[in-house]
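In what follows, a structure is listed as structure tokens, so that the remarks can point back to it.
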Amino acid sequence: GNMGTLALARHDYARAEAELMAAMAFYEETGRKAAVAVSLGNLGVLAARREDNVAAEAFHQRALALAVELGDRALEASNLDNLGSISKERGDLDQADDYYKQALNINEAIGDRVKAAMNRTNLGDLALKKGDPVAAQRYAE
């Protein structure tokens, strides 16, 4: 867990992958579903940094399913936001918009103003990419 996250922050991707996979295996063996979900999300971030969006999406989808199962709304929103970024990268702007809006709704519901602001920034950037400056301005307000 922590060693993998530290290696990821240091851009030591090979070590991050090894540490995160080992931690996830341990968490799975010991039934720690929340920790598995966090590890899956971190593996998704790692895959995205390696520009492997197929793997990134698969990891985030698995993490999202576990977050929903566990009722962890913050983790759900985080994975939805990451899925939005992956969708945007591959050019599926409507899917990105849907994921970002779901993340925003959750973050507003749980009172995470910082994450909600980040979601609005992502939605504004996406609106600009779609050629809709009026919508972008709405998200900036």
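Of the trypsin sites (Lys or Arg not before Pro) found in region 7-88, the ones in coil according to DSSP and having at most 11 other Cβ atoms within 10 Å of their Cβ are Arg10.
Extension gain, Met21 to Asn2, is 5.7 nm, computed as 0.36 nm per intervening residue step minus the present C-alpha separation. Cross-link reach is defined here as a Cα-Cα straight distance under 22 Å, omitting same-chain residues fewer than 8 places apart; for Lys33 none of the lysines meet it. Build a GNM of the chain with springs between Cα atoms under 10 Å apart, and of Ala58, Ala96, Ala109 the one that fluctuates most is Ala109.
Phi angles across region 115-132 convert, under the Karplus curve 6.51 cos²θ - 1.76 cosθ + 1.60 with θ = phi - 60°, into 3J(HN,Hα) values of 5, 4, 5, 5, 4, 5, 4, 4, 5, x, 4, 5, 4, 4, 4, 7, x, 10 Hz, Gly and Pro given as x.
Considering only protein heavy atoms, what per residue accessible area in square angstrom results for the chain with a 1.4 angstrom probe?
55 Å²
The lysines within cross-link reach of Lys88, meaning a Cα-to-Cα straight distance under 27 Å and a gap of 8 or more places when in the same chain, are Lys101, Lys115, Lys129, Lys130. Note on Ala74 and Ile110: the model spin-label points, each 7 Å out from Cα along the C-beta direction, lie 0.7 nm apart. Kindly express, to the nearest 10 degrees and within the range 0 to 90, the angle between helix 93-110's C-alpha long axis and the longest C-alpha principal axis of the chain. Relative to the chain, helix 93-110 is tipped by roughly 80 degrees.
What the phi angles of region 59-65 give under the Karplus curve with 6.51, -1.76 and 1.60, with θ = phi - 60°, is a coupling list of 4, 5, 5, 5, 5, 4, 4 Hz, glycine and proline written as x. On full extension, the segment bounded by Asp12 and Ala140 gains 42.6 nm, given 0.36 nm per residue less the C-alpha separation.
At 222 nm, what helix-only mean residue ellipticity would the chain give, in deg cm²/dmol to the nearest 500, using -39500 (n - 2.57) for each DSSP H run of four or more? Let's see the in-between values first.
Values: 8 runs with 120 residues, N = 141.
Calculated from helices alone, the mean residue ellipticity at 222 nm is -28000 deg cm²/dmol.
The values are calculated or read from the model by the stated rules, or taken from the named source; none is laboratory data. Because the structure is a prediction, the values reported are computed rather than measured. Here the Cβ is made from the backbone with ideal geometry for all residues, glycine too, and neighbour counts use every protein chain on show. These accessible areas exclude ligands, DNA and RNA; they are computed on the full protein's heavy atoms, side chains included. Shrake-Rupley method; radii C 1.70, N 1.55, O 1.52, S 1.80 Å.
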